[in-house]
1. Can you tell me the length gained on complete extension of the stretch Gln57 to Asp34, counting 0.36 nm per residue apart and subtracting the Cα distance?
2. If I model a spin label as a point 7 Å beyond the Cα along the Cα-Cβ vector, how far apart are those points for Asp50 and Phe15 in nm?
3. Using alpha-carbon pairs under 8 Å, 6+ residues apart, how would you state the relative contact order of the chain in percent?
4. Determine the calculated [θ] at 222 nm for the chain from helices alone, applying -39500 (n - 2.57) to every DSSP H run no shorter than 4 residues and normalising by the residue count; nearest 500 deg cm²/dmol.
5. If you place +1 on the Cβ of every Lys and Arg, -1 on the Cβ of every Asp and Glu, and leave all else neutral, what size is the dipole of the stretch 3-75 about its Cα centre, to the nearest 20 Debye?
6. With a ≥ b ≥ c the root eigenvalues of the C-alpha gyration tensor of the stretch 3-75, is it rounded (a/c under 1.5), prolate (a/b larger than b/c) or oblate?
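Read-outs: derived from the displayed coordinates by stated rules, not from any lab. Small disclaimer: the values here were computed from a predicted structure and weren't measured. When we count neighbours, we look across all protein chains shown, and the Cβ atoms used for this are built from the backbone with ideal geometry, even at glycine.
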Amino acid sequence: MTVTEEITTLLHRNFGVEPAEVRSEASLHELGMDSLALEELRVLLEERLDIDLEDVQLTSRETVGQLATAVDEKTAR
């Protein structure tokens, strides 16, 4: 499963975001993610992929593509 697929799955299962809405250019704000939801998503990604995203700046202005790139960089290490 790709990082984008993992993100899509987590957004759908945990936050009710329809998979069709999860596009690379979609901002996390457009998907209804507030600061609390972003922190929950961060923890879910860390646990699921066994990575540390503590140093990743994650705001609702970021896009799904930007998040996927940041996660990809962490999984490559």
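1. That pair, Gln57 and Asp34, stretches by 6.9 nm at full extension.
2. My value for the distance between the label points is 2.5 nm.
3. Normalised by residue count, the contact order of the chain is 39 percent.
4. -16500 deg cm²/dmol
5. 200
6. Working: a/c = 1.36, a/b = 1.32, b/c = 1.03.
Rounded shape, in that the Cα axes give a/c under 1.5.
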